[in-house]
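First up is the structure itself, then whatever we jot down about it.
Taken together, the values in this text are just the output of simple stated rules run on the coordinates, not laboratory data. In this text the structure is predicted, and so the values were computed from the model without any measurement. Please note: Cβ atoms are built from the backbone with ideal geometry, for glycine as well, and neighbour counts cover all protein chains shown.
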Amino acid sequence: MKNISKKLRPESLMMSYGYKPELSEGAIKSPIFQTSTFVFKTAEEGKAFFEIAYGHRQKKENEELGLIYSRINNPDLEILEDRLCLWDEAEKCAVFESGMSAITTVLLEFLNPGDIVLISNPLYGGTSHFVHKILPKFNIQVEFFYHYETAQEVIHRIEQKKIKDKVALIYLETPANPTNHLFDIQMARNIADYCSTPDKKVYVTVDNTYMGPLWQHPLKLGADLVVYSATKYIGGHSDVIAGACLGSQEIINRVKYMRTFLGNMAGPWTGWLLLRSLETLKVRMETQAYNAKHVAQFLNQHPKVEKVYYLGNLTQTDGHQYIIKQKQCLSDGAMISFDVKGGEREAFLFLNHLKLIKLAVSLGSTESLAEHPYTMTHADVDVKEKIALGITEKMIRLSIGVEYYEDIIWDIEQALSVI
């Protein structure tokens, strides 16, 4: 890329940043580097590359990190990681073959047997299963906290249970899936600092999938790491599974080291697809947010809808939730959940009569999607816990796409009329 004196915005850089056409026969777009291994010019070069890759020494000034093997690095992944850093203004990024591989790699890297991870609730169903069913096998315990709790209340509970020295990581998902409850990232940072010691820093990790790279920037709000299911808004076309993790160079070096030996890096084809998707990320997400605002306004007034869970509905009367939204969120997003009047029967009637909106899990793609959290994405969550969190049989979750908003509303209206 030619030298430009003006600081360009991320949406302007998504087409070219990190890519040198002269290294690829002048191709305007990065080719797919479908190769497992790379040729060294000399044995000395190979030695130097491995020294840096395995952390045996730091890069020298102006030294270029070469390519070794696609489990460690690949041009498509490196260009993608560079571009993803722009939105969150992160130092470094690691991409993965799925969102769950990004999440689980972080948890396995920063937690050890005997540790406790402090986690917001509710969670995405896959994450919930991992922390409930998998982490205990490694003698790693979980302590949950909730959107209505203050820092003082959480710290008091930590003191009561005498677990301060065991808390090693704070993990939060905000907005929460599927309730849209907000968690205060700065509050999590304060709790992490309280539990930290000179010998042990407690890191804060935020799953930012619901807001994507545009609408919330956790690293600026006190988080150490931000993770994404890149399948969702970043990919945005329901045709690729991927994940990402961003943070400081020191932290992401640790994440990449673990990724190398778990072998869950994204492949070059996945990297190339995401590079394509990043070019339209802003226009897609802005359209989705615009559409969601109109859909929420319709649902708020419908007689067969009992409650709407949407960030745009928050007002000053909602107290701390409104305050969090004002300081953290740059948009109301495009995720809406709502309760129909009734239960599973009424919810299923609605879902079964949709014509334009697709009945499917996942979110953030160009097409609008609807699903039933109680029996689908959160099927593995304990029934009592679901009820306590407000995830009931009458709840429906919508991911709003880029269709014409009046067509989306028409489909919702005709499906509700069947109830």
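Of note:
- For the stretch 281-416, the Kirkwood hydrodynamic radius from C-alpha pairs, put into Stokes-Einstein at 20 °C and a viscosity of 1.002 mPa s, yields a diffusion coefficient of 140 µm² per second.
- Debye intensity ratio in log₁₀ form over the Cα atoms of the chain, taken at each q of 0.12, 0.13 Å⁻¹: -1.00, -1.16
- Here the 3J(HN,Hα) profile of the stretch 203-220, calculated from phi with Karplus coefficients 6.51, -1.76 and 1.60 at θ = phi - 60°, is 8, 10, 10, 10, 7, 9, 4, 4, 9, x, x, 8, 9, 7, 10, x, 5, 7 Hz, Gly and Pro shown as x.
- Charge sum, other residues only, whose C-beta stays under 13 Å from THR104's C-beta, Lys/Arg counted +1 and Asp/Glu -1: 0
- Relative contact order of the stretch 281-416, defined on C-alpha pairs under 8 angstrom at six or more residues apart (%): 31
- Amide hydrogen proximity for PHE33: with H placed 1.01 Å from N in the peptide plane, the residues at 5 or more positions away or on another chain lying under 5 Å are ASP76.
- Partners of LYS325 within straight-line reach, counting aspartates and glutamates whose Cα lies under 19 Å from its Cα and excluding those fewer than 8 residues away in the same chain: ASP88, GLU149, GLU173, ASP184, ASP207, GLU286.
- DSSP-assigned coil residues among chymotrypsin sites (Phe, Trp or Tyr not before Pro) in the stretch 39-89, each with at most 14 further Cβ atoms within 10 Å: TYR54
- D_trans [Stokes-Einstein, Kirkwood Rh over alpha-carbon pairs] for the stretch 75-278, 25 °C, 0.890 mPa s, µm² s⁻¹: 145
- On the basis of the beta-carbon distance and an R0 of 35 Å, GLN152 and THR392 show a calculated FRET efficiency of 0.70.
- Taking a straight line from the alpha carbon of LYS256, these lysines sit under 21 Å away, with near neighbours fewer than eight places off in the same chain left out: LYS47, LYS59, LYS60, LYS92, LYS200, LYS201.
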